Structure formats: C-alpha cells, structure tokens
Amino acid sequence: MNSLIERDRASLWHPYAPASPALPLWEVEAADGVALRLRDEQGRTHEVLDAMSSWWSVIHGYRNPIMDAAIQRQLSNFSHVMFGGLTHQPAVALAETLLDMAPGKSGRRLERVFLADSGSISVEVALKLAVQFQTANGRPKRQRFLTIRGGYHGDTFAAMGVCDPVDGMHSTFPGLLAGNVFAPRPPAAAKATPDTIQEWQAAVEDLSRLHSNELAAIIVEPMLQGAGGMFMYPAECVRILRDIADHHGLLLILDEVATGFGRTGELFASHHSGVVPDILCVGKALTGGYLTLAATLCTAEVARRVSASEAGALLHGPTFMGNPLACAAANASLGILATGAWRGDVARVGAGLAAGLAPAVKLDAVADVRTFGAVGVIELRDAVEVAKVTRAAVERGVWIRPFRNLIYAMPPYISSTDQVDVMATAMVAAVEVASTQRIAA
Ligand SMILES: *Cc1c(COP(=O)(O)O)cnc(C)c1O
C-alpha cells in the first residue's frame, strides 16, 4: 500500500505546480487553534504553528468552537438550496452585516451584495458590473480596466487580465487575456516622498486621460498587494486613484479579498485612506477559513443603473451562490469580529512580527523587512529555495509557504505573543539556513 503522499503524487494537482511536483508534500493529520500536525514523506510527524492562516483565511484558528457550532447548527437545518427564486436567513443576515461593516457611512455607500463562490469570481463579478454600468450609461466602448503593476486579482481569465502583466500569466495566454492598461506601481510605503507620489500620480493621470474613452474602471488592492509581491504603498495613492476615477467617470473597484476583515489593522484596508469604492471585493477570511465564499459589494447607483440597463440584470449566477453553510460560517466569523477583540489581537501579532523579524535586516541575503497590520515580510535578494526554507521552518515548529523572493507570515489573530515569536524566529533562522547552505554549495 502506497503512502497517502505517494497516492497524492499519482493523482492530484496542487496550486501552481506540475503533476507530481518535486517539492516536498506534507500530510495534515490534525489542526487545532494555531497548530497543525504534519506528517512528512518519511513518516515523521511535526507539530507546527500555521504562520500562513491557510492563505490569509483562518483568522480565528482551526476548530474554533463558535465557528464549529454555527456550521453544525446550519447543517442540521439544511446545507444547500439554490439561490434562484429562494432565499434564507444566513444569506440575508450576511448581506446586512457586510453592508454595515463596509467602508462608507455617509455620501458614497455600499448598499448591495452579490455572493460569489471564490475571490476570483468576486473579481469577475466586479469587472462585469463595471462594464454593464458603463454600457447602461451609454458608454459601451468602455470595456477595459486600469490597474497598477504588481497586482494579483485571481486565476480566472478576466481576473488574470488585471494581474501583473510580467509576473502574472499573460505570456502563457496571450490570445485570451484582455488588453488592459497598466500604470506603474506606486512608491513603496516606507520610501515614498511627496515628490515620488506626485510623479506616480502624473503617470497614472496621463494613462487615464489617454484611455478614458475605453476604460470602465480602476481596480487595485488598496495599500497592500498580496500575492503580487507583498508590497505596501501609501494611503494617499488610494485617494489619488479615487479622484482620477471620479474625474474620468470610471468606477473604482477595491479588491480586499486578502486585506479585508482586520488583517491590516483596520476592518478594511480602505479605511486607512478614507476612500469608499464603488465596488468592493471580499473573500479569503470572510468565512474564517472554513468554507469557500466571497462577495462583491456595490453602491446603490451601480446596482440601479445595471438593473435598469437593456440587459436588465447583473449577468452572473453560480450554482452554489449563497451556500447556506458558507454563509453561516461567515456570519459566525463576522460575529467574532464584532466583539472588537481583533483590533488588539492584530496589533499584538503585528508588534510581535515587527520585533521578531527585525534581526533579519542585517543578513546578507535579505533585501528588505516590512510589516503592516498582522503581516510580516522578509524580502530576499534572490529567489527563495522553497523546499529548503520550508523544511528549515518546519524543523523549527512553523509552517510557511514562501514564493518568489518572499518569506512572509500572516498568522491567525488568536496567535499568542510567544507563538508569534516562534514564527518570526523560525522565519529568520530559515533564511540563515538557506543562505548558508547556498554558500556552502
Ligand atoms: C486570493 C486573492 C484573489 C482570488 O481569490 P480566490 O479565492 O483564490 O479565487 C483575488 N484577489 C486578491 C487580492 C487575492 O488575494
């Protein structure tokens, strides 16, 4: 009988991986709180702290009793019904809570929710809404999008089309990705000056003017680009994008799939800037990492125009739209956030990461160390040797998943100061091990 990992290698794909990847694979035997019990290919078990929150999502930890109970309650009632012509309490409650939490209380406000099944789909819906809005306004030629370089918005085709054109997948699908407009990346938060911000603003304004007749919307991740490079930029730049969008009649779409629900120290990253988007995408931590669910929020104005258009409807409707179990998980997660404890938790985790990662600055292999909210990043000068770094961290009791030249953490909010210290120490040690081994080799 082959081991589970061998059977996996014979039958499954993993994210962004070849069939039968050469990289090591770990079997998860149990998960509880911040801890995972992993089994490696030699059959050894490792107790590790999950510094990744399973890709930003498990903010309240594994087997959270409140989350577990909420899903079990819904399960004993019903687990799924179609959303065409039917509705249910978990979906309505979720929409009301999301609108209540979202940026914008007076003036521009988000007043309508589309429940999508993943972050990528929430972006598809946002892009569709923007094009349908422009068409409804008599501007059917406005079918392209302006974004900044270095972004990541998902893996479906329209979403891929607004991902970074170099690091994204544009070269692999040249005939399938829309020709969008890419502005430069804003200056880095730590180094930005009024001059560099102004220079960037001028470049974005030029591009917007040049293409305004064919642009439907601007789409960005506010202040923190996640999978596109864990890159942080000033709140001022989000305000500039809001002004440019308004000036040219473009919608502003903020993709907070990664940054939403407290991760950056505010409930949404857009709160740091005071900017209210026309369309907001949320996902990842929405269900506390329990089930897949995302949402696209829009203003009453966008909803009204699209509904009154010739099409007469927002043209999207997934089979599992508004899945009740996922909505129940989201309601439970938002209920935990409503206690407000997350604010102190995120501050504690962030302070722990800042202190614990600081020693990495002096390592030769390290180009930059940065933190924002409960996100900590070590940027290396060269590409990370993923297998070596991951193994070194696991041996020190921590699960991380580096990419490109980035070793980063966004721990569950429930992580204690000691646990964050273990995570940061392991990350720094993993960098040292990987760079020493390279010198030795
Ligand atoms: C992860 C992510 C997405 C895509 O979400 P999926 O649930 O993986 O489809 C979109 N936008 C941002 C900013 C993300 O971080």
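The values are calculated or read from the model by the stated rules, or taken from the named source; none is laboratory data. Not measured: the values here are computed from a predicted model. Every residue, glycine among them, receives a Cβ derived from its backbone with ideal geometry; neighbour counts consider all protein chains shown. Please note that ligands, DNA and RNA were not included when accessible areas were found on the heavy atoms of the full protein model with its side chains. Shrake-Rupley method; radii C 1.70, N 1.55, O 1.52, S 1.80 Å.
Please report the relative contact order for the chain, taking Cα pairs under 8 Å with a sequence separation of at least 6, and give it as a percent rounded to a whole number.
Numbers: 868 pairs, mean separation 90.4, N = 441.
Value for the chain: 20 percent.
So what's the Cα pair-distance distribution over segment 1-124, bin width 10 Å, in %?
Histogram of Cα-Cα distances, whole percents per bin: 9, 24, 31, 23, 11, 2, 0.
In Å, what is the Rg of the alpha-carbon atoms in the chain, and how long is Dmax?
Cα only, the chain: 21.8, 67 Å (Rg, Dmax).
Can you say what percent of the DSSP beta bridges in the chain, counting only those with both residues inside, are antiparallel? Round to 5. Before the final figure, lay out the partial values.
On the way: 34 of 49 bridges.
Among the beta bridges of the chain, antiparallel pairing accounts for roughly 70 percent.
Give the average over all directions of the projected area of the C-alpha convex hull of segment 46-101, one decimal, in nm².
Numbers: hull surface 24.2 nm².
Convex hull of Cα atoms, orientation-averaged projection: 6.0 nm².
State in Å² the accessible area per residue of segment 101-182; use a 1.4 Å probe, count heavy atoms of protein chains only, and round to the nearest integer. Numbers along the way, then the final one.
Working: 3460 Å² over 82 residues.
With all protein chains present, segment 101-182 gives 42 Å² per residue.
Under unit Cβ charges (Lys, Arg +1; Asp, Glu -1), what dipole magnitude, rounded to 20 debye, does the chain have relative to its Cα centre?
Details: 37 positive and 43 negative charges, 95 e Å.
That gives the chain a dipole magnitude of about 460 debye.
Taking segment 142-218, how much of its Cα-Cα pair set, in percent, is spaced more than 16 angstrom apart?
52
In nm, what is the difference between 0.36 nm times the number of residues separating Asp364 and Lys105 and their Cα-Cα distance? Write out the running numbers ahead of the final one.
Values: separation 259, 0.36 × 259 = 93.24 nm, distance 4.76 nm.
That pair, Asp364 and Lys105, stretches by 88.5 nm at full extension.
Given a 1.4 Å probe and the protein chains all in place, what does the accessible area of Asp32 round to, in Å² to the nearest 10?
Here the residue's solvent-accessible area equals roughly 90 Å².
From largest to smallest, what semi-axes in whole angstrom does segment 335-402 give when each is the square root of 5 times an eigenvalue of its alpha carbon gyration tensor?
Over the Cα atoms of segment 335-402, the semi-axes work out to 27, 15, 10 Å.
May I ask you to derive the FRET efficiency for Ser79 and Glu395 from their Cβ-Cβ distance with R0 = 41 Å, giving the value to the nearest 0.05? The partial results should precede the final answer.
Working: r = 40 Å, r/R0 = 0.98.
Working from the Cβ atoms, E equals 0.55.
Hey, what number do you get for the chain at 222 nm if only DSSP H runs of n ≥ 4 count, each worth -39500 (n - 2.57), divided across all residues, to the nearest 500?
Result for the chain, helices only: -12000 deg cm²/dmol.
At a Cα cut-off below 16 Å, give the lysines reachable from Lys128, other chains included and same-chain residues fewer than 8 away excluded.
Lys141
Assign one of three labels to segment 241-312, namely rounded, prolate or oblate, based on the Cα gyration tensor with a ≥ b ≥ c the square roots of its eigenvalues; rounded applies when a/c is under 1.5, prolate when it is not and a/b is larger than b/c, and oblate otherwise. If you can, show how the numbers build up before the last one.
Working: a/c = 3.25, a/b = 1.36, b/c = 2.38.
Oblate, because a/c is 1.5 or more while a/b does not exceed b/c.
Tabulate in residue order the Karplus-calculated ³J(HN,Hα) for segment 235-243, using 6.51 cos²θ - 1.76 cosθ + 1.60 with θ = phi - 60°, rounded to whole Hz; enter x for Gly and Pro.
4, 3, 5, 5, 5, 4, 5, 4, 5
Please give the peptides 165-178, 275-288 ranked by average Cβ packing (other Cβ atoms within 10 Å per residue), highest first, as a rough proxy for protection.
Numbers: 165-178: 13.2, 275-288: 27.9.
Descending mean neighbour count gives 275-288, 165-178.
Taking only Cα atoms, what is the 0 to 90° angle, nearest 10, from helix 324-338's long axis to the longest principal axis of the chain?
It is inclined by approximately 80 degrees.
Determine the gain in length on full extension of the stretch Asn137-Ala31; use 0.36 nm per residue of separation and subtract their C-alpha separation, reporting nm with one decimal. Provide the component values of the computation, followed by the final result.
Values: separation 106, 0.36 × 106 = 38.16 nm, distance 5.05 nm.
Gain on extension, Asn137 to Ala31, equals 33.1 nm.
What is the local net charge at Arg44, summed over the other residues whose Cβ is closer than 12 Å to its Cβ (Lys, Arg +1; Asp, Glu -1)?
Values: positive: Arg37, Arg39, Arg391; negative: Glu27, Glu29, Asp40, Glu41, Glu47, Glu395.
For residues surrounding Arg44, the net value is -3.
I need the phi-derived Karplus couplings for segment 108-123: 6.51 cos²θ - 1.76 cosθ + 1.60, θ = phi - 60°, integer Hz, Gly and Pro marked x.
Karplus values, whole Hz, x for Gly and Pro: 5, 9, 8, 10, 8, 10, 10, 8, 10, 8, 7, x, 4, 5, 5, 6.
For segment 127-136, just list the computed ³J(HN,Hα) in residue order, Karplus coefficients 6.51, -1.76 and 1.60, θ = phi - 60°, integers in Hz, with x standing in for Gly and Pro.
Listing the rounded values in order: 5, 4, 4, 5, 5, 4, 5, 5, 4, 4 Hz.
Compute the distance from the alpha-carbon center of segment 195-245 to that of segment 30-66, in whole Å.
So the separation of the two Cα centres works out to 37 Å.
Report in % the part of the accessible area of the chain that belongs to carbon and sulfur, leaving out ligands and nucleic acids; probe 1.4 Å. Can you show the working numbers first?
Details: 10430 of 19000 Å².
Here carbon and sulfur together make up 55 percent of the probe-accessible area.
Between segment 260-289 and segment 389-426, what's the alpha-carbon centroid distance in Å?
23
What are the residues whose amide H is under 5 Å from the amide H of Leu251, where those residues sit 5 or more places off or on another chain and H is modelled from the backbone?
Result for Leu251 returns Ala217, Ile218.
Could you check what % of the DSSP bridge pairs in segment 200-286 are antiparallel, to the nearest 5? Spell out each step's value before the answer.
Numbers: 2 of 9 bridges.
In segment 200-286, DSSP labels about 20 percent of beta bridges as antiparallel.
Take the Cα atoms of segment 322-441, find their three principal axes, and give me the spread along each one in whole Å, biggest first.
Principal-axis extents of the Cα atoms in segment 322-441, largest first: 53, 30, 22 Å.
Normalised by the residues of segment 178-252, what does the relative contact order come to in percent, with Cα pairs under 8 Å and at least six apart?
Numbers: 69 pairs, mean separation 27.0, N = 75.
Relative contact order of segment 178-252: 36 percent.
Between Ala93 and Ala300, what is the label-to-label distance in nm when each label sits 7 Å out along the Cα-to-Cβ direction?
Modelled inter-label distance: 2.6 nm.
Based on alpha-carbon centroids, what's the gap between segment 111-158 and segment 311-341 in Å, whole number please?
Going from one Cα centre to the other spans 19 Å.
Among 260-271, 77-88, 315-326, how do they line up by average Cβ neighbours within 10 Å per residue, starting with the highest? Please report the intermediate quantities before stating the final value.
Values: 260-271: 23.5, 77-88: 12.2, 315-326: 18.3.
Those peptides, ordered most packed to least, come out 260-271, 315-326, 77-88.
Can you check what the net charge comes to around Gly229, using other residues whose Cβ is under 9 Å from the Cβ of Gly229 (Lys, Arg +1; Asp, Glu -1)? Intermediate results must be reported in sequence, preceding the final value.
On the way: positive: Arg185, Arg404; negative: Asp164, Asp167, Glu379.
That works out to -1.
If R0 is 30 Å, what FRET efficiency do you get for Thr172 and Asp246 from their C-beta distance, rounded to 0.05?
Details: r = 35 Å, r/R0 = 1.18.
Once rounded, the FRET efficiency stands at 0.25.
Once you place label points 7 Å from the Cα toward the Cβ at His316 and Leu4, how far apart are they in nm?
Once both label points are built, they end up 3.5 nm from each other.
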